[in-house]
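So the structure is just underneath, and the comments pick up after that.
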Amino acid sequence: MEGVSYQRFPKVKIRELKDDYAKFELRDTDASMANALRRVMIAEVPTIAIDLVEIEVNSSVLNDEFIAHRLGLIPLTSERAMSMRFSRDCDACDGDGQCEFCSVEFHLRAKCMNDQTLDVTSKDLYSSDHTVVPVDFTDSAGYDSSEQRGIIIVKLRRGQELRLRAIARKGIGKDHAKWSPAATVTFMYEAEIHINEDLMETLTLEEKQSFVESSPTRVFDIDPNTQQVVVVDPEAYTYDDEVIKKAEAMGKPGLVEIYAKEDSFIFTVESTGAIKASQLVLNAIEILKQKLDAVRLSEDTVEADDQFGELGAHMRGG
């Protein structure tokens, strides 16, 4: 096995990038690596979320537990999450989870003084750290500040009051969904579509039109100049095999061949706003590298050399 290398060099190409959305291509790798990256983005990239709520006064219609749950699901800006300590590992507060190194303190005080319903929202939460605040969706949604004041926590009527103290801590989505930075992360195989031009020439214009319309999504179209069937959007193909079934029903098997490129994936990432979509991908790659390094350098892997010989050493890079 000397001289044999299984090392790959994945490539990433950005297609679209916004603060809360990213679409990119991942090439020259396999499905195991693509799925590992997806799972890390969803469940193992840390963010900050409210984890402890101390209610001082609550005369609203919602009970304490309901309000605490709603507070926990409010996304908080988490750019500094990677550098924060987990509360269970913090030696500054002996794991108490209430110090500046592993937590952020919030306060909320609201009371309705008139007959108009008072909306208590995420913007009424006051943070002890200006870098960790509730995510502001005003700009992205295009609403005027008078129309949208944040995520509603509870509504108060005259005389009702809510006062509380909350502690936000670092965590990961694997522990609770409130710490997941991803609204959704998906990937699909890039489709490779080949049309048999010789067979296509035997079809009439009506048959070509029928073939094009058999696809639930607009993958094919007819060129108005040449009257030929062309592929206009291979990414729209959903692997439903409808066009293949249509070709067989027309007595033209092999009219089109569709393969999934097993080393090419198209990712779609949507962030909750806790961190930017681009930073979510970068953090996930960094965490995945750390996990792979831990496996490569673990004693179990070293001991596996005795069982697998050169293959075990090669897996460790030796």
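The values are calculated or read from the model by the stated rules, or taken from the named source; none is laboratory data. If you're wondering where the values come from, they're calculated on a predicted model, not measured in any experiment. Note that each Cβ is placed from the backbone with ideal geometry, even for glycine, and that neighbours are counted across all protein chains shown. Keep in mind that these areas ignore ligands, DNA and RNA; they rest on the heavy atoms of the full protein, side chains included. Shrake-Rupley method; radii C 1.70, N 1.55, O 1.52, S 1.80 Å.
Before moving on, here are some points about what is shown:
A quick yes/no check of all residues on (1) of a type in the set (Asp, Glu); (2) open to solvent by 60 Å² or more (accessible area, probe 1.4 Å); (3) over 30 Å from Ala260 (Cα atoms):
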{"site": "Ser32", "(1), (2), (3)": "no, yes, no"}
{"site": "Ile55", "(1), (2), (3)": "no, no, yes"}
{"site": "Ser60", "(1), (2), (3)": "no, no, yes"}
{"site": "Asn63", "(1), (2), (3)": "no, yes, yes"}
{"site": "Ile74", "(1), (2), (3)": "no, no, yes"}
{"site": "Thr77", "(1), (2), (3)": "no, no, yes"}
{"site": "Ser83", "(1), (2), (3)": "no, yes, yes"}
{"site": "Asp91", "(1), (2), (3)": "yes, yes, yes"}
{"site": "Asp94", "(1), (2), (3)": "yes, yes, yes"}
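- The residues of the range 16-63 that are without any contact (Cβ under 8 Å) to a residue 60 or more places away in the chain and either among the acidic types (Asp, Glu) or not assigned by TED's automatic domain parsing to the domain that holds Gln160 (or both), listed by number, are Glu16, Ser32, Met33, Arg39.
- Pick from the range 196-249, criterion in a helix (DSSP H, G or I) and of a type in the set (Gly, Ala, Ser), ranking: nearest to Thr186 (Cα to Cα): Ala236
- For the range 190-244, the tally of residues that are under 24 Å from Arg27 (Cα atoms) and among the polar types (S, T, N, Q) stands at 1.
- Only a single criterion out of (1) part of a loop (DSSP other than H, G, I, E, B); (2) out of contact with any Leu (no Cβ under 7 Å at 6 or more places or on another chain); (3) closer than 30 Å to Val133 by Cβ; (4) not polar (S, T, N, Q) is not satisfied by Glu270, namely (1).
- Residues in the range 182-191 that are exposed (fewer than 14 other Cβ atoms within 10 Å of the Cβ) and either under 17 Å from Ala260 (Cβ atoms) or free of Cβ contacts under 8 Å to residues at least 40 places away in the same chain (or both): 1 in all.
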